[in-house]
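See below for the structure under consideration.
The values are calculated or read from the model by the stated rules, or taken from the named source; none is laboratory data. All values derive from a computational prediction rather than experimental measurement. Here Cβ is always computed from backbone atoms with ideal geometry, including for glycine, and neighbour counts include all displayed protein chains. Side chains are part of the model used for accessible areas, which takes the heavy atoms of the whole protein and leaves out ligands, DNA and RNA. Shrake-Rupley method; radii C 1.70, N 1.55, O 1.52, S 1.80 Å.
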Amino acid sequence: MRAVVQRVTQSSVTSEGTLTGEIGKGLMVLLGVGEGDTEADVKYMADKVAGLRIFEDDDDKMNLSVKDVGGDILVVSQFTLYGDVRKGKRPSFTAAAKPDEANRLYQLFCENLRCQGFKVAEGVFQTDMLVKIYNDGPVTILLDSHKEF
């Protein structure tokens, strides 16, 4: 499982012309599910996202989590995080999970965050979405549950 996590002042997602999720201060998470990912990957990623200390404390050090600052989380499914362009210039997505399993794990990820007390907004799985991201800092963190980077 892979994620691009951005600290935001606000973020929103629109699917087919309809606003489906928006947050103020918090985290924007683009989440990709890979072939072979399991519920253990979901737990690892949700705990990692919830605990990332990427918000500044009173000394301007990145020392606070999204929970510490009372932030929300917007999660958007992003299978293109598994795009492989090592050969040629057209990405191959064979490492991405099949849609049914990807959606199941995506929903489980969102539910895991809700169970930790977060307000979680979402995109719409397998639709064309427009995502507005007001990256604060900018701060962007890459995560991989298999620790490939």
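What the table shows:
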{"quantity": "So ALA97, is it surrounded by fewer than 13 Cβ atoms within 10 Å (Cβ to Cβ) and modelled with pLDDT of 95 or more", "calculated": "no"}
{"quantity": "Scope the range 122-148; condition β-branched (Val, Ile, Thr), surrounded by fewer than 16 Cβ atoms within 10 Å (Cβ to Cβ) and assigned to a strand (DSSP E or B); matching residues", "calculated": "THR140, ILE141"}
{"quantity": "Hey, VAL8 farther than 24 Å from PHE93 by Cα, assigned to a loop (DSSP other than H, G, I, E, B), open to solvent by less than 60 Å² (accessible area, probe 1.4 Å) and modelled with pLDDT of 95 or more or not", "calculated": "no"}
{"quantity": "Tally of residues being touching a residue at least 24 places away in the same chain (Cβ under 8 Å) and open to solvent by 80 Å² or more (accessible area, probe 1.4 Å) across the range 63-91", "calculated": "2"}
{"quantity": "ASP60 vs. criteria touching a residue at least 60 places away in the same chain (Cβ under 8 Å) and in a loop (DSSP other than H, G, I, E, B)", "calculated": "no"}
{"quantity": "Some residue of the range 83-104 being on the phi < 0 side of the Ramachandran plot, charged (D, E, K, R) and in a strand (DSSP E or B)", "calculated": "yes"}
{"quantity": "Pick from the range 105-121, criterion assigned to a loop (DSSP other than H, G, I, E, B) and in contact (Cβ under 8 Å) with a residue 60 or more places away in the chain, ranking: nearest to THR20 (Cα to Cα)", "calculated": "LYS119"}
{"quantity": "Test: ASP37 is within 16 Å of the chain's Cα centre (by Cα), part of a loop (DSSP other than H, G, I, E, B) and surrounded by 17 or more Cβ atoms within 10 Å (Cβ to Cβ)", "calculated": "yes"}
